[in-house]
Amino acid sequence: MGGVQKASEIRVNELAEDYSWVPIVLRPLSGLTVPVAFDAILERWDEKFPNGSSDLLAGDRLPPQHIECGWLGVREDLLRLGIFEERRDGRIDMPDLYRVGFGLGRKGGVKPRSHKS
């Protein structure tokens, strides 16, 4: 396994310990190529979570801090954590450290790890 893939795997695991909701919202994005329009992310989330962001309130895990603002609040939390980055044109980008571990692509970038679902 390459250095970036290994570092990404470690960071994703650390992130899941501190913010258990992050892998839940990022898993459905696997296979997307960044940078990507936020609408494409919303499509994936709407498909995976038919009850909207309120699906993230289930269970005993801490929800995103701004869950009361719906998916825009989740987006804001991912931006604040540095997992999402917003480009000037409004598209969402992701640092390789997270992108690779969560299975998103980038033209010419390090290949994401393969997910076994």
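Just so you know, all these numbers are worked out from the coordinates, no wet-lab data involved. Computed from a prediction, not measured in an experiment: that's the story for all the values here. Virtual Cβ from ideal backbone geometry, glycine too; neighbours counted across all protein chains shown.
Kirkwood hydrodynamic radius of segment 3-99, from the reciprocal of the average inverse Cα-Cα distance over all distinct pairs: 13.8 Å.
Could you work out how much longer the chain between A37 and D55 gets when fully extended? Use 0.36 nm per residue separation minus the Cα distance between them, nm to one decimal. Can you show the working numbers first?
Values: separation 18, 0.36 × 18 = 6.48 nm, distance 2.26 nm.
Working it through step by step, the gained length comes to 4.2 nm.
Once the Cα atoms are used to define both axes, helix 3-18 deviates from the longest principal axis of the chain by about 20 degrees. With R₀ set to 30 Å, the beta-carbon distance separating E86 from A16 gives a calculated FRET efficiency near 0.85. I need to check one value: relative contact order of the chain, counting alpha carbon pairs closer than 8 Å and at least 6 residues apart, in percent. Across the chain, relative contact order equals 35 percent. For the chain, the longest principal axis of the C-alpha atoms and the axis of helix 70-80 are separated by about 40°.
Using only helices, what value at 222 nm comes out for the chain when you add -39,500 (n - 2.57) per DSSP H run of length 4 or more and divide by the total residues, to the nearest 500 deg cm²/dmol?
Numbers: 5 runs with 48 residues, N = 117.
Helix contribution divided over all residues of the chain: -12000 deg cm²/dmol.
Could you compute the net charge surrounding L32? Neighbours are other residues with a C-beta less than 13 Å from the C-beta of L32; K and R count +1, D and E count -1. Counting the neighbours of L32, the net charge comes to +3. Each peptide in 95-105, 64-74 was scored by the mean count of other Cβ atoms within 10 Å over its residues; highest first, the order is 95-105, 64-74.
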